[in-house]
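Structure first, commentary second.
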Amino acid sequence: MSGCNSAAECLLPNRQNEAKMLTNNLQMVSNLPDNPFQLFIESRKAKGISPASLSYYKTVLSRALSAISNPYSAKPEDITAFLNTIPPNQRGFSTRHAYRRVLRTFYGWLSDVYDLPNPISKVPAPELTNVILPTLRLHQIKDLIRNQSIKDKAIIMLATASGLRRSELANVRVEDLDLQEGKIKTNGKGGKEAYAPVSFATKYVED
């Protein structure tokens, strides 16, 4: 017990340090916002996330935070228990996997902004099943559009040729079409510009 007259004196500095750490932790918690959910959504808006993605974030987080209760004290097992409440669908655990991605983004944001431990880092991603989606042959597509209007034929053929999402297709402008090159410019997720082929749809779009 060098430098200490008694065991109690030696323990005193350690207890003071522990008390200081506890005080700091309490101050950190007291400085955290009451509603991190809304601040997170605002941060996504600032990044230019699409309205559809924002809506999905809100849906997932509302459900998750109702189950987890306090996001600041969430443990990996709390998140795992919540994810286990999401049943599989025809594509296996794709919905559960998507929910985990949203929670990973949310807790990553909490960790970066407020210097908090990230519980999602210790929650493994659900296994995904490789599912081959059904497709239509060209003659089947032509049968499908046989009695459609010229406009509807163009829309259906453009959708099947390009593989665009519904929201992307709805935002297509005439100037986005390059029929000579057989391609179309589109704004995908996160506002990223890309080109998609229109190939066999060219004739119907020109009409």
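Structure values in brief
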item: Pair list, Cβ under 8 Å, 6 or more apart: the range 154-178 residue in contact (Cβ under 8 Å) with a residue 24 or more places away in the chain, other residue buried (at least 17 other Cβ atoms within 10 Å of the Cβ) and in a loop (DSSP other than H, G, I, E, B); result: 158/164; 158/172; 158/198; 161/198; 162/198; 164/172; 177/198
item: Boolean, residue 102 is aliphatic (A, V, I, L, M) and at pLDDT 85 or above; result: yes
item: Options 88, 126: the member that is surrounded by 11 or more Cβ atoms within 10 Å (Cβ to Cβ) and touching a Gly at 6+ places or on another chain (Cβ under 9 Å); result: 126
item: Inter-residue pairs, beta-carbon under 6 Å, first within 14 Å of residue 78 (Cα to Cα) and without any contact (Cβ under 8 Å) to a residue 24 or more places away in the chain and in the range 96-121, second part of a helix (DSSP H, G or I) and of a type in the set (Ser, Thr, Tyr), 6+ apart; result: 118/107; 118/111
item: Count of residues meeting criterion [farther than 23 Å from residue 114 by Cα and outside any loop (DSSP other than H, G, I, E, B)] in the range 66-93; result: 5
item: Residue in the range 34-47 that is of a type in the set (Phe, Trp, Tyr), touching a residue at least 24 places away in the same chain (Cβ under 8 Å), within 28 Å of residue 133 (Cβ to Cβ) and outside the structural domain of residue 167 (by TED's automatic domain parsing) present; result: no
item: Residue satisfying all of: in the range 42-65; in a helix (DSSP H, G or I) and among the hydroxyl-bearing types (Ser, Thr, Tyr); farthest from residue 97 (Cα to Cα) among these; result: 43
item: Residue match in the range 63-82 (condition: more than 30 Å from residue 171 (Cα to Cα) and modelled with pLDDT under 80); result: yes
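The values are calculated or read from the model by the stated rules, or taken from the named source; none is laboratory data. These numbers come from a predicted model, not from an experiment. With ideal geometry, Cβ positions are generated from the backbone for all residues, glycine too; neighbour counts draw on all protein chains shown.
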